[in-house]
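Input: a single structure, listed below in structure tokens.
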Amino acid sequence: WKWGKNPEEIQPGFCWRWYLYHTVEVITVVDDAIHLPAQTVRTADGRLVYFKVSFAYRIIDAVKHYCNCTEFKESTIAIAMRHLAKRVRAQTFDDLAADLGKMELSLQGTLTTQFKDWGTEVFTVGFTDFAEITSGIRLFGDDEISKHLFS
């Protein structure tokens, strides 16, 4: 940033930085993955489904990524989980189980659309778990809390 306005991406190599004039933020632009917390959702035919999904992404525009989304990971998880829950509720279990690839493509399309404004692209989406369960009781709403309590 120059005087706190109009950020520009700095290319690799030597560059001058004047402390009162420039501000610099470092953004890591390597491929990364997000693992969504487990979800339990009831399908259109009333069956309870448990699933986990992960996807990989890369930053293609560091300025957009830094400036257009304040909490990238949290925002992405919220968008992805809401999309999946909505899609699972709209379909029967048999339709879902027959073609999980369709659901993966649907999530990839939704994230691709959102990520355009965030300077990021998603390049793979996949279910890591998918199963019908007979009943579900969730003791803790946050997998991170559970991880710390029982480790």
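Summary of computed values
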read-out	value
For residue 105, solvent-accessible area (1.4 Å; no DNA, RNA or ligand), Å²	120 Å²
Around residue 94: net Lys/Arg minus Asp/Glu count, Cβ-Cβ under 11 Å	-3
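The values are calculated or read from the model by the stated rules, or taken from the named source; none is laboratory data. The model shown is predicted, which means the values in this text are computed figures rather than measured ones. Positions of Cβ are backbone-derived with ideal geometry, glycine not excepted, and every protein chain shown enters the neighbour counts. Protein only, heavy atoms only, side chains kept; ligands, DNA and RNA dropped before computing areas. Shrake-Rupley method; radii C 1.70, N 1.55, O 1.52, S 1.80 Å.
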